[in-house]
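Student: Would you mind keeping the following structure in view while I ask a few things?
Every number in this text was worked out from the coordinates using simple rules, so none of it is lab data. Please read these numbers as outputs of a predicted model, since none were measured by experiment. Cβ placement follows ideal geometry from the backbone for every residue including glycine, while neighbour counts extend to all protein chains displayed.
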Amino acid sequence: MANLIEAIEIKRKTFLEFEGAPYVCLDAEVSKPTARGGQTLVRLKIRNLISRAVFDKTFKAGEKFKEPALVSAPASYSYANGSDYFFMDQASYEELTLTAEQLGDDRLLLSDNLVIQVQKFNGSPIGVQFPAHVELTVTDTEPGVRGDTASGSVTKAATLETGLQIRVPLFIKEGEKVKVHTETREFAGRA
């Protein structure tokens, strides 16, 4: 039997099953009662891992949820064909397919042979988990000009090989590999 999680125990990045679908918690806020006999409520911002829809829901602190039957398998990104993205399971060597809708903006972090964790629910792939940083090549950025830092802005726009646009320091040039923080989509250093 799956473990049960009480609503009060749910924190950011916790997985739960609600109405038969897997969700991940994006934010949790506990409101304690002000009146005697009031109930503690937990307000959760949750994302449906299948439809990617985000909901704000309020639950009583004692409500219980099952842990979803999620399985993570290491897989490497192979290629994209139209709106389908293909990955190779590192253990079984089977090909896994995710759509652009399932990946959302995360597809802008995918580079050839990147090893990620593919999440499966009831045997079907539904999403991916990235490492903390990915390495991508800068394909377009303006050259840094001496004296630009006097204005107070020490970053410039850069387009990466996947089409992702981020702010980078002035010393970064086209063709350089940079690390991108996968959660915030910010520059994290040279690769």
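Student: Applying the Karplus parametrisation 6.51 cos²θ - 1.76 cosθ + 1.60 with θ = phi - 60° to the phi angles of region 28-37, what ³J(HN,Hα) value in whole Hz is obtained for each residue in order, glycine and proline being reported as x?
Tutor: 9, 9, 9, 10, 7, x, 9, 9, 5, x
Student: For region 70-129, which semi-axes, largest first and in whole Å, follow from the square roots of 5 times the eigenvalues of its Cα gyration tensor?
Tutor: Numbers: eigenvalues 49, 34, 21 Å².
Equivalent ellipsoid semi-axes, largest first: 16, 13, 10 Å.
Student: Sticking with the crude label model, points 7 Å out along Cα→Cβ, report the distance from Arg190 to Gln129 in nm, one decimal please.
Tutor: Label at Arg190, label at Gln129, 3.3 nm between them.
Student: Pop out the Kirkwood hydrodynamic radius of region 4-66 from its pairwise C-alpha distances, inverse of mean 1/r, in Å to one decimal.
Tutor: Working: mean 1/r = 0.0844 Å⁻¹.
Evaluated over region 4-66, this radius sits at 11.9 Å.
Student: If the only charges are +1 at each Lys and Arg Cβ and -1 at each Asp and Glu Cβ, what is the size of the charge dipole of the chain around the Cα centre, to the nearest 20 debye?
Tutor: Taking the Cα centre of the chain as origin, the dipole is about 900 debye.
Student: Subtract the Cα-Cα distance of Ala80 and Asn3 from 0.36 nm times their separation in residues, and report this length gain in nm to one decimal. Provide the component values of the computation, followed by the final result.
Tutor: Working: separation 77, 0.36 × 77 = 27.72 nm, distance 3.67 nm.
Gain in length upon complete extension: 24.0 nm.
Student: In the chain, if the dipole is taken from +1 on Lys/Arg beta carbons and -1 on Asp/Glu beta carbons about the Cα centre, which of Ala35, Gln165, Gly20 is farthest to the positive end?
Tutor: Final value for the positive-end residue is Ala35.
Student: Taking the Cβ of each residue in Ser111, Ser51 as the centre, tally the other Cβ atoms inside 10 Å and list the residues starting with the fewest. Mind dumping the intermediate values first?
Tutor: Numbers: Ser111 14, Ser51 11.
The order, fewest Cβ neighbours first, is Ser51, Ser111.
Student: If the limit is 21 Å between Cα atoms, which of Lys120/Lys179; Lys120/Lys177; Lys13/Lys57; Lys13/Lys179; Lys11/Lys45 go over it?
Tutor: Values: Lys120/Lys179 27 Å; Lys120/Lys177 31 Å; Lys13/Lys57 16 Å; Lys13/Lys179 23 Å; Lys11/Lys45 10 Å.
Flagged as over cut-off: Lys120/Lys179; Lys120/Lys177; Lys13/Lys179.
Student: About the Cα centre, and with charges only on the beta carbon of Lys, Arg (+1) and Asp, Glu (-1), how big is the dipole of region 4-66? Nearest 20 debye, please. Working shown, then result.
Tutor: Working: 13 positive and 8 negative charges, 28 e Å.
Using only the charged Cβ atoms, the result is roughly 140 debye.
Student: I'd like the trypsin sites (Lys or Arg not before Pro) in region 25-98 restricted to DSSP loop residues with at most 10 other Cβ atoms within 10 Å, sorted by number.
Tutor: Numbers: sites: Arg36, Arg43, Lys45, Arg47, Arg52, Lys57, Lys60, Lys64, Lys66; in loops: Arg36, Arg52.
In loop regions of region 25-98 (DSSP not H, G, I, E or B), the sparsely surrounded trypsin sites (Lys or Arg not before Pro) are Arg36.
Student: Gain in length, Arg12 to Thr155, computed as 0.36 nm per residue apart minus the alpha-carbon separation, to one decimal in nm? Don't skip to the answer; put the middle values down first.
Tutor: On the way: separation 143, 0.36 × 143 = 51.48 nm, distance 3.04 nm.
In short, 48.4 nm is gained.
Student: Right, next: Calculate, in whole percent, how much of the Cα-Cα pair population of the chain lies beyond 31 Å.
Tutor: The answer is 35 percent, as a whole percent.
Student: Multiply the residue separation of Glu67 and Thr162 by 0.36 nm, subtract the distance between their alpha-carbon atoms, and state the gained length in nm to one decimal. Could you put the intermediate results ahead of the total?
Tutor: Working: separation 95, 0.36 × 95 = 34.20 nm, distance 3.41 nm.
Between Glu67 and Thr162, full extension yields an extra 30.8 nm.
Student: Here is a further query. Name the residues of region 122-139 whose amide N is less than 19 Å from a point 7 angstrom out from the Cα of Ala100 along the C-beta direction?
Tutor: Of the residues in region 122-139, 126-128 have backbone N under 19 Å from the label point off Ala100.
Student: Now for a different question. List the chymotrypsin sites (Phe, Trp or Tyr not before Pro) within region 87-178 that fall in a DSSP loop (any state other than H, G, I, E or B) and whose Cβ has at most 13 other Cβ atoms within 10 Å.
Tutor: Values: sites: Phe87, Tyr93, Phe121, Phe171; in loops: Tyr93, Phe171.
Hits after loop and neighbour filter: Tyr93, Phe171.
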